[in-house]
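Notes follow once the structure below has been shown.
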Number of protein chains: 2
Amino acid sequence: MQPALTLTGAVTNALRQRILAGEWPAGTPLKQEALSRELGVSRVPLREALRQLEAEGLVTIADHKGAVVAQLSLPEIVELLRVRVLLECDVLLEAIPRQTEAHLTVAAELLARFESALQQKDISAWGILNAQFHMALYQAAERPQTLALIEQLHNRTDRYTRMQILLTNFSDRAHQEHSELLALCRCKDAISAAAYLRQHILHAEEALEAWYQQQAAEACARPKRRTRKRSE
Amino acid sequence: MQPALTLTGAVTNALRQRILAGEWPAGTPLKQEALSRELGVSRVPLREALRQLEAEGLVTIADHKGAVVAQLSLPEIVELLRVRVLLECDVLLEAIPRQTEAHLTVAAELLARFESALQQKDISAWGILNAQFHMALYQAAERPQTLALIEQLHNRTDRYTRMQILLTNFSDRAHQEHSELLALCRCKDAISAAAYLRQHILHAEEALEAWYQQQAAEACARPKRRTRKRSE
DNA sequence: AGTCCGAATATTGAATACAATTGCTGACGA
DNA sequence: TCGTCAGCAATTGTATTCAATATTCGGACT
């Protein structure tokens with residue numbers, strides 16, 4: 001994930017990171033001219049980066065209208081989380097018997113940094129560390145293609161699950177669940193770990209649904225509201 | 001999937017279709033100048049299309065070296081087929097209770113065209129119809145995100161499963177399995193259908209493994225062989 | 001006042017032009 | 001004979017320029 005040798009690659013990574021960090025809310029237009037000037041490149045590599053990110057599901061491009069940060073509806077998020085349950089549980093089952101102490105140490109390390117990020121309310125760090133912790137658990141499965149798919153799913157869903165954590169004060173629960181998950185991996189109880197992981201993801205889904213309900217209620221109570229230009 | 005309003009979109013679709021049709025073997029270099037001339041566009045939209053296809057897993061781009069048609073090793077194919085088992089079975093379970101007569105009719109139609117394509121040894125049509133048949137069965141699940149993921153997985157794996165079918169004379173078996181699958185959907189036996197689908201995909205995997213073994217043996221027996229330029 | 005139309009502006013799409021990198025060829029020397 | 005390295009050709013990467021489409025804003029008309 002270093003700067004990359006080509007500008008297109010560098011821009012792709014930079015944009016991906018900034019989107020994942022939540023710098024722009026979902027739906028924010030990504031103007032080619034403005035972004036390319038800001039990044040100090042021409043529009044050509046920027047456009048290529050946007051195409052790639054579109055295929056990754058992070059931005060949505062409408063012909064002749066430009067790109068916006070991808071937006072997921074609640075049913076869409078639920079779908080993707082369900083896919084994550086299927087893939088991540090399967091991979092975890094294969095990973096646990098192969099996990100060495102080294103793997104677990106890496107995961108524990110990430111979990112510690114995750115906890116400190118939670119305490120400092122460092123939202124963007126949270127999302128990254130959460131994904132990295134999950135990935136660390138799966139690494140031993142040695143299924144790179146599947147892991148890449150899972151990573152893409154995280155990239156698409158983490159912005160939303162993170163939002164849920166932040167707004168529902170589930171930080172404690174999230175950390176506790178991660179700790180328990182790691183413990184189950186340590187004692188090689190793959191079945192229990194997979195079941196627990198399933199619940200972990202489904203909990204996030206439930207909390208997110210509840211939050212959406214509340215959000216919808218608020219939006220309904222207050223009449224519609226126009227958004228104005230963002231300042232440069 | 002019509003010509004698309006922008007050249008980038010049109011080129012993306014055209015290249016995707018030609019790759020899926022097997023026009024170029026895996027590993028074939030896709031020269032920008034040659035392809036853009038052939039398609040009657042400049043290199044700009046072509047490059048954007050290649051980026052998108054790379055994110056879809058259909059081509060591989062190496063910096064400053066160009067794009068090649070994506071190539072999967074046997075373990076990678078096995079991985080992706082396993083993911084397909086997980087996703088497709090899950091979706092099928094949800095689809096069957098919701099399938100109407102209309103859904104089943106569409107699937108039956110595709111199956112018939114699939115059969116005729118098999119008889120005519122129309123390889124490229126085979127692959128498309130196979131994927132479309134599977135998709136038709138899942139349509140009723142109303143999980144568009146998951147279906148899109150499954151479609152991408154088909155795009156990446158179908159070239160290989162098709163090859164396996166062609167070279168192992170499993171055409172009869174493939175058609176028979178599809179018929180049986182459709183029958184199980186008709187009698188709303190979701191559990192059996194999912195189990196059968198699982199076996200269906202795993203059969204393809206086994207046959208493919210066998211073929212790879214044989215292929216490896218041949219390659220080992222015969223010394224290496226240089227490939228020359230393709231004619232324009 | 002409100003709505004509809006049209007020119008001006010902003011933004012995206014694509015082609016051309018230019019720069020940088022790769023790899024090929026062949027001469028040179030140990 | 002083999003390796004090495006200079007220089008050229010081929011290819012990709014990026015910037016600039018031009019064209020097409022969308023949006024905005026102002027004014028005329030109902």
Positive-end residue, region B:7-69 charge dipole about Cα centroid, Cβ charges, pick of B:Val41, B:Ala10, B:Val68: B:Val41
Diffusion coefficient, µm² s⁻¹, Stokes-Einstein with Kirkwood Rh over alpha-carbon pairs of the protein assembly as shown at 10 °C and 1.306 mPa s: 65 µm²/s
Cα-based shape type of region B:1-151, given that a ≥ b ≥ c are square roots of the gyration tensor eigenvalues and the cut on a/c is 1.5: prolate
Inter-copy separations for B:Arg43, label at 7 Å along Cα-Cβ, nm, ascending: 2.0
Hz values of 3J(HN,Hα) by residue in region B:16-33 - Karplus curve (6.51, -1.76, 1.60), Gly and Pro given as x: 4, 4, 5, 5, 5, 6, x, 4, 10, x, 4, x, 5, x, 10, 6, 5, 4
Value at 222 nm in deg cm²/dmol, rounded to 500, when DSSP H runs of n ≥ 4 in chain A each add -39,500 (n - 2.57): -24000 deg cm²/dmol
Cβ-based charge dipole, region B:74-219, positive-most Cα from B:Trp211, B:Leu166, B:Leu184: B:Leu184
Net charge over other residues, Cβ less than 11 angstrom from the Cβ of B:Arg51 (K, R count +1; D, E count -1): -3
Gyration tensor verdict on region B:79-118 (Cα atoms; rounded if a/c is under 1.5, prolate if a/b is larger than b/c, oblate otherwise): oblate
³J(HN,Hα), Karplus 6.51/-1.76/1.60, whole Hz, each residue of region A:178-195, x for Gly, Pro: 5, 4, 4, 4, 5, 4, 5, 5, 4, 8, 6, 8, 4, 4, 4, 4, 5, 4
Net charge dipole size for the protein assembly as shown [Lys, Arg +1 and Asp, Glu -1 on Cβ; Debye, nearest 20]: 1740 debye
For the B-to-A rotation axis, chain B residue with nearest beta carbon and its distance in angstrom: B:Ala55, 2
Lys, Arg +1 and Asp, Glu -1 on Cβ, resulting dipole of region A:74-219 about Cα centre, debye, nearest 20: 180 debye
Inter-copy spacing of A:Ala195 label points, which lie 7 Å from Cα along Cα→Cβ, given in nm from shortest upward: 2.2
In region A:36-133, the trypsin sites (Lys or Arg not before Pro) that fall in loop regions by DSSP, at most 15 other Cβ within 10 Å: A:Lys65, A:Lys121
Copies compared at A:Gln119 - label distances in nm, ascending, label defined 7 Å from Cα in the Cβ direction: 7.3
Unit charges on C-beta of K, R, D, E only; dipole of region A:123-206, Debye: 120 debye
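A short reminder: the numbers here are calculations on the coordinates, not readings from a lab. Keep in mind that this is a model prediction, so the values were computed, not measured. Note: ideal-geometry Cβ built from the backbone for every residue, glycine included; neighbour counts use all protein chains shown.
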